Amino acid sequence: MKFKEWFNENSNIVQGVAATVQAIIAVLMLWTLIQNRQTLKITTRQLEASIAPVVTPSMSGSKACLVNDGSIEIKQIAVIAVIGGWFDINTRKISEYHVSRGLQVIQNSLAPGKSLDIDVNKYLLNMPTDSPKVIGTGMPVYGLVITFRRAADMKPFIKLLPFSAGKDTKTQTTNIIMPLFPSPGSAEAGPGDTNYSRVMEEARAELIAYYRDKVAPVEVE
């Protein structure tokens, strides 16, 4: 009876204490939720930072397409250089090198499954696309050097897009562009054309070697 009488006499105090306890519990639950969310973000970021980006190129005409085929976002996609030269089919070497450097961000972010298009013609404006060499003994080759960063830790990666580009023999105005890598929808190497496939591989290898020697030591995909 005494407790009941005390409770009735001090019900306002009890209710106030209960409300305070409930508020403390709510604050603790909110803090725990925030901490768990932060922990999840950190864990997710650490996981994504261990995953290598997968960027798949293709080329049709003068349009190069980059597809983010990986599971993580990439950022700051930019062109940092264009490499050019003459690939001699007999020696399988590149001569008359040219490098045009610069930094042009072409897209700030690319989510998984998304793609972006690049018109390679605009990057050949200051590059020679014809040569005094005789067509048939070799071909002018180019490499578009593209950099991007993994969103989780902003680690830089390099993608080199190798291709050949020469003037149309009739008009001498239009660039005829052909990828030096397997590309769906492109005729860069027909079925069974093993000789051209070897030329394509060796021209690409020469461009990569020149990139490492003259542009940057960062490993390319």
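Say we look at the stretch 59-78 and pick out the residues that are open to solvent by 10 Å² or more (accessible area, probe 1.4 Å) and either of a type in the set (F, W, Y) or part of a loop (DSSP other than H, G, I, E, B) (or both); which of these is nearest to R149 (Cα to Cα)?
Residue satisfying both the conditions and the ranking: E73.
In the list E202, E206, which residue meets the criterion of being more than 30 Å from E73 (Cβ to Cβ), modelled with pLDDT of 85 or more, open to solvent by 40 Å² or more (accessible area, probe 1.4 Å) and not hydroxyl-bearing (S, T, Y)? Steps first, answer last, please.
Details: E206 fails: open to solvent by 40 Å² or more (accessible area, probe 1.4 Å).
Within the list E202, E206, the selection yields E202.
Taking Q107 as the residue in question, decide whether it is open to solvent by less than 70 Å² (accessible area, probe 1.4 Å), part of a strand (DSSP E or B) and modelled with pLDDT of 85 or more. So that I can check it myself, show each step before the final result.
Numbers: open to solvent by less than 70 Å² (accessible area, probe 1.4 Å): yes; part of a strand (DSSP E or B): yes; modelled with pLDDT of 85 or more: yes.
Against the criterion (open to solvent by less than 70 Å² (accessible area, probe 1.4 Å), part of a strand (DSSP E or B) and modelled with pLDDT of 85 or more), Q107 qualifies.
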Checking A81 against (1) touching a Lys or Arg at 6+ places or on another chain (Cβ under 8 Å); (2) modelled with pLDDT under 85, the condition it does not meet: (2)
Boolean, V55 is surrounded by 10 or more Cβ atoms within 10 Å (Cβ to Cβ), at pLDDT 90 or above, of a type outside the set (S, T, Y) and in contact with a Leu (Cβ under 6 Å, 6 or more places away or on another chain): yes
Within the stretch 119-147, tally of residues that are open to solvent by 60 Å² or more (accessible area, probe 1.4 Å) and at pLDDT 85 or above: 2
Test result for I24, within 41 Å of the chain's Cα centre (by Cα) and either assigned to a helix (DSSP H, G or I) or at pLDDT below 65 (or both): no
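The values are calculated or read from the model by the stated rules, or taken from the named source; none is laboratory data. Model, not experiment: these values are computed from the prediction. Using ideal geometry, Cβ is built from the backbone for each residue, glycine included, and neighbour counts are taken over all protein chains shown. Accessible surface is based on the protein model in full, side chains and every heavy atom, while ligands, DNA and RNA are left aside. Shrake-Rupley method; radii C 1.70, N 1.55, O 1.52, S 1.80 Å.
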